[in-house]
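Report on the structure given below.
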Amino acid sequence: MNTLVRLNNRLDPSAALLSHHLDDLFSGFLRPLPGEARNNVTPIKIEVREDPSAYHVSAVIAGAKKEDIHIEVDQKEVSILAEIKRENVTPVDVNQDAAKEAGRVLHSERFYGKTSRVFSLAQDIDEAAVEAKYADGVLSLVLPKKVPVSAKRVTVQ
């Protein structure tokens, strides 16, 4: 089997310089590009609690407006879709002096765009009785469990 051995020629300074440049070239070869790291969408973080009659879900969706949050419940599966929009700092009808006073963004680590979370629960949900509230960046869901249909016993006459 062949092995790869690094050449370290200390006698020839040009070889050391070339080796240093090659190391720099390949050291970042598999790292993501600077803009690429920001494109990763962070899923909505949730907490699910259960009591005998319902599931209680808390979902962190900071920066979204309640009209931009959509919830779908299909039997045991719950989908939360949200869009976080960047606020326009300067409306179109405002003059340029007001835009200069508002300032410009130098650095932002906030997420803007569409995000979602889909998860399944152990028991079917009563879709008609689902409650949703959104306050302070936290979506609170109450997902009542469907009452299991019991088998009906038929007597023979």
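Quick note: the coordinates plus some simple rules give every number you see, no bench work behind them. All figures in this text were calculated on a predicted structure; none of them were measured in a lab. FYI the Cβ positions are ideal-geometry reconstructions off the backbone, even for glycines, and counts take in every protein chain you see.
The residues of segment 107-157 that are assigned to a strand (DSSP E or B), under 17 Å from Lys76 (Cα atoms), of a type in the set (Gly, Ala, Ser) and free of Cβ contacts under 8 Å to residues at least 60 places away in the same chain amount to a single one, Ser120. Total residues in segment 66-80 satisfying the condition of being assigned to a strand (DSSP E or B) and in contact with a strand residue (DSSP E or B) (Cβ under 7 Å, 6 or more places away or on another chain): the figure is 9.
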